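The values are calculated or read from the model by the stated rules, or taken from the named source; none is laboratory data. All of these numbers come straight from a predicted model, not from anything done at the bench. All Cβ positions, glycine included, derive from the backbone under ideal geometry; neighbour counts span all protein chains shown.
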Amino acid sequence: MKPLSDTYKKLGIDFTFPIEINDAEGNQTYYEDSDGYWYKHEYDAKGNQTYREISNGFKEGTPRSQSYERKVIEDIEQRYARIILSSLQLFKKV
């Protein structure tokens, strides 16, 4: 897996380090610092860690079938779509 910062750069998204992502239950699913160190964790519905991957190549557990990068891109796309829709609604009111 390549660092999430590479994906952000490719998409032209501004960001600052550290990059930290938590799931809806508050579990940290991704962390990346400015030195290139990153890790990714996945959890089951009960909050048990089922997979982890570290930038040094260490992997443990079974990853979900959909790539983490694709999930992040979909999340970013959904967030931007909501921002654009909100902006359009505000523009119509003016």
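Identify the residue in the stretch 57-94 that is at pLDDT below 75 and assigned to a loop (DSSP other than H, G, I, E, B) and, among all such residues, is nearest to the chain's Cα centre (by Cα).
Here the answer is 67.
Every residue in the stretch 22-58 that is hydrophobic (A, V, I, L, M, F, W, C) and free of Cβ contacts under 8 Å to residues at least 12 places away in the same chain, please.
24, 45, 58
Restricting to the stretch 44-56, what's the tally of residues that are in a strand (DSSP E or B) and aliphatic (A, V, I, L, M)?
1
What number of residues within the stretch 1-43 are among the hydroxyl-bearing types (Ser, Thr, Tyr) and either loosely packed, with under 12 Cβ neighbours inside 10 Å or in a strand (DSSP E or B) (or both)?
Going through the stretch 1-43 one residue at a time, the tally reaches 7.
List, please: which pairs have Cβ atoms under 9 Å, are six or more places apart or on different chains, and start with a residue in the stretch 72-91 that is touching a residue at least 24 places away in the same chain (Cβ under 8 Å) and end with one that is surrounded by 10 or more Cβ atoms within 10 Å (Cβ to Cβ) and not in a helix (DSSP H, G or I)?
72/21; 72/30; 76/13
When you look at residue 40, is it among the basic types (Lys, Arg) and more than 13 Å from residue 4 (Cα to Cα), yes or no?
When the stated conditions are applied, residue 40 does not pass them.
Being of a type in the set (A, V, I, L, M), under 16 Å from the mean Cα position of the chain (by Cα), surrounded by 12 or more Cβ atoms within 10 Å (Cβ to Cβ) and modelled with pLDDT under 95 is the requirement here; does residue 54 meet it?
For residue 54, the condition - of a type in the set (A, V, I, L, M), under 16 Å from the mean Cα position of the chain (by Cα), surrounded by 12 or more Cβ atoms within 10 Å (Cβ to Cβ) and modelled with pLDDT under 95 - is not met.
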